[in-house]
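> The structure that follows is given in the form of structure tokens.
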Amino acid sequence: MQNQPKPEVWLRGPLPEISDYLQPVAHALLQAQEEINAQLRNFPATLLWERPAHVASVGFHLQHLTGVLDRLFTYARAESLSENQLAYLKSEGKPSSAESDVSELLETFNKQIMIALMQLKHTDKETLTQIRYVGRAMLPSTHLGLLFHAAEHTQRHTGQLLVTARILEQSS
């Protein structure tokens with residue numbers, strides 16, 4: 001008998017303790033996590049910072065996914081970014097000794113996904129239409145808008161990461 005692949009996360013049913021309004025956000029984050037972890041399971045560390053055709057590296061995408069989730073979920077809590085978050089933003093795309101290999105970057109990303117899911121579990125649906133401000137320019141969004149953007153931004157970079165990783169593995 002053939003192994004049947006699992007359906008995509010959004011087709012597996014609702015996630016416990018997360019508002020119906022936020023299920024799509026949680027599903028998108030978990031789908032990205034599954035796909036990234038599967039693709040990078042045996043990804044060579046020597047290719048982590050390669051930039052085929054000058055596109056962003058796999059390492060950049062992993063750092064950026066982690067950082068942008070942290071930043072957008074901070075804004076969603078109606079908080080400003082910390083100095084550590086601003087420093088992390090400036091370091092995205094550069095190898096660091098703290099995140100020197102694929103497994104370390106994946107671990108950091110996976111932790112950020114779990115933090116995001118925990119925040120979704122504790123998000124009061126009554127706050128979803130409240131205004132939230134983004135960045136130093138204090139551009140207005142809504143609580144739901146920020147969470148939705150975090151999900152779609154994660155999906156966009158996941159696609160880029162997966163394509164870049166596959167190209168690098170095929171050409172090596």
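The values are calculated or read from the model by the stated rules, or taken from the named source; none is laboratory data. Not measured: the values here are computed from a predicted model. All Cβ positions, even for glycine, are placed from backbone atoms using ideal geometry, and neighbour counts span all protein chains on display. Each accessible area value is taken on the protein alone, full model and side chains, heavy atoms only, with ligands, DNA and RNA left out. Shrake-Rupley method; radii C 1.70, N 1.55, O 1.52, S 1.80 Å.
> Give the share of C-alpha pairs in each 10 angstrom bin for the stretch 1-75, from 0 to the last occupied bin, in whole percents, shortest bins first.
Reading upward from the zero bin: 15, 36, 32, 16, 1.
> Sticking with this structure for a sec: Sorted by mean Cβ packing within 10 Å, highest first, what order do the peptides 81-87, 115-121 take?
Answer by packing, highest mean first, reads 115-121, 81-87.
> Within 10 Å of each candidate Cβ there may be at most 14 other Cβ atoms; applying that plus a DSSP loop requirement, which GluC sites (Glu not before Pro) in the stretch 1-68 survive?
Sparse-neighbourhood loop GluC sites (Glu not before Pro): 8, 17.
> Sticking with this structure for a sec: Roughly how many percent of the accessible protein surface of the chain is carbon and sulfur, given a 1.4 Å probe and a whole-percent answer?
Answer for the chain: carbon and sulfur cover 57 percent of the accessible area.
> Measuring with a 1.4 Å probe in the full set of protein chains, what accessible area per residue, in whole Å², belongs to the chain?
The answer is 58 Å² per residue.
> Dipole size in debye (nearest 20) for the chain around its Cα centre, Lys and Arg Cβ +1, Asp and Glu Cβ -1?
Its charge dipole is roughly 240 debye.
> Pairs of Cα atoms under 8 Å, at least six residues apart: use those to get the relative contact order of the stretch 1-136, whole percent.
30 percent
> A further question on this structure: What's the angle, to the nearest 10 degrees (0 to 90), between helix 102-121's Cα axis and the longest principal axis of the chain?
It is inclined by approximately 20 degrees.
> For a label point 7 angstrom out from the Cα of residue 155 toward its Cβ, which stretches of the stretch 11-41 have the backbone nitrogen within less than 11 Å?
Output list for this probe position: 24-29, 31-32.
> Counting only protein chains, not ligands or nucleic acids, how are 153, 54 ordered by accessible area (probe 1.4 Å), most first?
Result, largest first: 54, 153.
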